[in-house]
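Let me begin by presenting the structure, written as structure tokens, before commenting on it.
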Amino acid sequence: MKSCYLINRGNNKSLYVSPFVDPSTSHGWDENEEITIYSATTVTKDQKDGVLFTLYTDIDRGVDRWIQDVRYLPRLLIAGTIFLITYFFFSLAVRDPIPLIDEFIIASLVTFISVIGLSRRDKRSDLSIKKRFELKQKASKCDYQVVPELELVEKYLHECSQLETIDLAEKIAQVDGAILPPLLLDMDVLYMKSFKEQYLSFIHLQHKDIYSLYNKYRKVMKNEKNRDAFSARLLRLGMNQISDLSLLALTISISNQ
């Protein structure tokens, strides 16, 4: 069974942590596997629409990646054949003042255009369409469950958002012994077993700025001398609303589960 997690941020945009967020895992997607949406409260119609839109978008992206991987070797052989045929055709049939160079450029251009055409054809292939349809059909029949652990996640985000920006920046950077509020999740329950991995993949792929700051945080924690500078950077990003420090705090706390 696949799990999708809905994290409601109140007036802010909800977070949809999809099991299909990482297209590199698409080779292992099973179109017969059930999908369950977990949330802290009853899901509204708008949220259901948001969940399905996210799932469908991620499925499309993943199937595109899957079909490209499946068709990689045939596409490579066809591209090589096109390059050789084009190269020798223009070498033998067309005379030019600069031997080899013009033929190489033309053959490369024709091959590049052909590869793009083959890739688009593969994405519209019967195999690709069937895979998309089966995965989306299963997603449209997903179950919804209300679980307590996600309520803790939502409360944590709200608590962090209520802190002054400078206080939150210092707590994240652990300046002068300041620490983030604790987040205690039961990761042993069945529906939370895949949460941490999926959430971090979601942040990595959908919130690259937060993931970059998270990696910076991990480096800074090894050297106390850099914590003040990191805190100052977070303060600037938070005050200018460039980065969501509450989401960064949640990412740090979930990574420590």
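A few remarks follow.
- Here is the figure for the stretch 204-235: residues that are part of a helix (DSSP H, G or I) and closer than 30 Å to PHE20 by Cα total 15.
- Single unsatisfied condition, THR41 versus (1) surrounded by fewer than 17 Cβ atoms within 10 Å (Cβ to Cβ); (2) in a helix (DSSP H, G or I): (2)
- Residue under evaluation ASP176, criteria (1) assigned to a helix (DSSP H, G or I); (2) at negative phi, criterion not met: (2)
- For the stretch 201-246, taking the residues that are among the aliphatic types (A, V, I, L, M) and surrounded by fewer than 17 Cβ atoms within 10 Å (Cβ to Cβ), the one that is nearest to GLY62 (Cα to Cα) is identified as LEU205.
- ILE78 part of a helix (DSSP H, G or I) and over 23 Å from ILE35 (Cβ atoms): yes
- Residue in the stretch 36-47 that is of a type in the set (Lys, Arg) and closer than 22 Å to TYR199 by Cβ present: no
- The stretch 44-71 - residue that is surrounded by fewer than 12 Cβ atoms within 10 Å (Cβ to Cβ) and over 14 Å from SER140 (Cβ atoms) and, of those, nearest to the chain's Cα centre (by Cα): ASP46
- Scanning the stretch 157-165 turns up one or more residues that are buried (at least 20 other Cβ atoms within 10 Å of the Cβ) and closer than 29 Å to SER39 by Cβ.
- All conditions in (1) within 22 Å of THR57 (Cβ to Cβ); (2) surrounded by 13 or more Cβ atoms within 10 Å (Cβ to Cβ); (3) without any contact (Cβ under 8 Å) to a residue 60 or more places away in the chain hold for LYS130, with the sole exception of (2).
- Among the residues of the stretch 166-200, just one is basic (Lys, Arg) and exposed (fewer than 13 other Cβ atoms within 10 Å of the Cβ), namely LYS193.
- Selection count where residues are on the phi > 0 side of the Ramachandran plot and within 23 Å of the chain's Cα centre (by Cα), scope the stretch 97-155: 0
Values in this text are rule-based calculations from the coordinates and carry no lab data. Everything numeric here is computed off the predicted structure, so don't read it as measured data. Please note: Cβ atoms are built from the backbone with ideal geometry, for glycine as well, and neighbour counts cover all protein chains shown.
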